[in-house]
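Input: a single structure, listed below in structure tokens.
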Amino acid sequence: MSQHELTREEVEPLWHRERRVAWLQVAAMGGLLLAGVTAYRDGNLTWLARPLLAGVLILLAAAAALQFTGRCPRCRTRVRTGLLKVLPDKCRACGVQFPRPPAAGGG
């Protein structure tokens, strides 16, 4: 298979997926923190902890689903990732490199 560099059009969906997964994980961590603080601090609001925890589980499931359904734009093989690392350095099947997104500061 060809190991030519991916075009911007090929790699942008991967970057977009990576950002969505990161934001879902951040939102889940925030919900978990809020549920813990609510249950610990205010005895009158402990009923709120269960729905918050259910929301956390839904957010984590959505992030996991996005993470496990990613495919290489070249060979369409599933992109295998780590727990918190969404995009690996290269495809295990065809070896094409996945470039990192450009820095937000531009420099």
How many residues are in contact with a helix residue (DSSP H, G or I) (Cβ under 9 Å, 6 or more places away or on another chain) and modelled with pLDDT under 85 when one looks only at region 65-77?
4
Filter region 6-33 down to residues that are closer than 13 Å to residue 73 by Cα, surrounded by 12 or more Cβ atoms within 10 Å (Cβ to Cβ) and more than 16 Å from the chain's Cα centre (by Cα), then give me how many there are.
2
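Matching residues to (1) under 25 Å from residue 101 (Cβ atoms); (2) touching a residue at least 60 places away in the same chain (Cβ under 8 Å):
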{"site": "15", "(1), (2)": "yes, yes"}
{"site": "26", "(1), (2)": "yes, no"}
{"site": "37", "(1), (2)": "no, no"}
{"site": "41", "(1), (2)": "no, no"}
{"site": "47", "(1), (2)": "no, no"}
{"site": "69", "(1), (2)": "yes, no"}
Given the criteria exposed (fewer than 11 other Cβ atoms within 10 Å of the Cβ), of a type in the set (A, V, I, L, M) and at pLDDT below 85, does residue 84 qualify?
yes
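The values are calculated or read from the model by the stated rules, or taken from the named source; none is laboratory data. Predicted model only: the values in this text are computed from it and were never measured. All Cβ positions, even for glycine, are placed from backbone atoms using ideal geometry, and neighbour counts span all protein chains on display.
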